[in-house]
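Written below as C-alpha cells is the structure these notes are about.
Every number here is computed from the coordinates shown, using simple stated rules; none is lab data. Keep in mind that this is a model prediction, so the values were computed, not measured. FYI the Cβ positions are ideal-geometry reconstructions off the backbone, even for glycines, and counts take in every protein chain you see.
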Amino acid sequence: MAAPIAVAIDAPDIETAARWASAVAPHVSHVKVGLELYLRYGPEVVATLRGGTKVSVFLDLKLHDIPATVAGAARNVARLKPSILTVHAAGGRDMIAAAVDGAPGTTIAAVTVLTSLDDAALERIGVRGPSLDAARRLAVLAVEAGATALVCSPQEAASLRAEVGPDITLITPGVRPAGADHGDQARVATPEAALAAGADLLVIGRPITRAADPGAAAASMAAALRRAEAASA
C-alpha cells in the first residue's frame, strides 16, 4: 500500500522530474508539481510525471486572485485531472468557492499559513497571529467555502483537526525526518509526529529527492510510517 506521502518534485528539468517521479511512484500516493516546474513546462509536466503509473498528481499552484480569474484557472487546470489543486485561503470565501465550482472533480486544498512564515513574519505582513490562530481562522473560512482539504504546518494539524472535524483532508508540508536540514521551513515536524497530530498527507521533498537513491529513500520513509502506524494501532 502506498504511503500517505506527496513527494515534492522540485526538479531542475522535466527529465529529472520524470526520473524522480518514476522512482518514488511505487512507494507513495502522490507526486507534487509546484509552481516553478509548471510554469517552465506547462501542462506537459503533469502527463510526464503521471507517466504509466497510478500515482496521483498534486498540483500545487496556490491560486490567489479575484474569484472570476481563479474560476477560469481552475477550469483549465481541471482538464489535467489532478487529484489535488491548491489555492490560498487568504483569497477569501468567494475565491475559494469559485475554485471549487471550477474544478468539481478535483480536491481543492486551501493553504492556511505558509510553513516558511513564523509569528514575526506574520506580524510584518499585517496578519493577526499567532500562526496557530491565523491558520485556524483561515481553515474555518475555507471549509465553509467548500474546500475539502487544508494545507497547514504539522504543528497546527491537531488544532485544525479539532476545529474542522474528521472529514477534511489535512496536508502538511514542513515534514522532515529527525536530524534533517529544515531548509526554508520555519514550522516543521517528523513524519511520524505529523501523522500522530492528525495529518492525512505529508509533503516531503528534499529528504527524498536529494537522496542518492530517491526511490530507496521514499521506500524507507514509507516503511517507517507503516511501522509507526502499526505501533499506534
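All C-alpha to C-alpha distances of the stretch 41-162, sorted into 5 Å bins beginning at zero, yield P(r) values of 2, 12, 21, 21, 18, 14, 9, 4, 1, 0 percent in whole numbers.
In the chain, the calculated helix contribution to ellipticity at 222 nm averages -13000 deg cm²/dmol per residue, counting -39,500 (n - 2.57) for every DSSP H run with n ≥ 4. Distance between the 7 Å Cα→Cβ label points at Thr148 and Glu36: 3.2 nm. Farthest towards the positive end of the charge dipole of the chain, among the residues Pro26, Ala11, Leu114, is the Cα of Pro26, using unit charges on the Cβ of Lys, Arg, Asp and Glu. Placing pseudo-labels 7 Å out from each Cα toward the beta carbon at Ala228 and Ala212 gives an inter-label distance of 2.5 nm.
Hey, rough spin-label estimate for Arg19 and Asn76, points 7 angstrom out along Cα→Cβ, what's it come to in nanometres? Reported label-point gap for Arg19 and Asn76 is 3.1 nm. When Rg and the Kirkwood radius Rh are both evaluated on Cα atoms of the stretch 1-83, their ratio Rg/Rh stands at 0.98.
Put simply, the C-alpha atoms of the chain give a gyration tensor, and the ellipsoid matching it has half-axes of 25, 22, 16 Å, longest first.
Amide H contacts for Lys32 (H built 1.01 Å from N in the peptide plane; partners 5 or more residues away or on another chain; cut-off under 5 Å): Val7, Ala8, Ile9, Phe58.
Among the helices of the chain (complete DSSP H runs), which have Cα atoms covering no less than 24 Å along the helix axis and a Kyte-Doolittle mean of at least 0.0? Answer set is 214-232.
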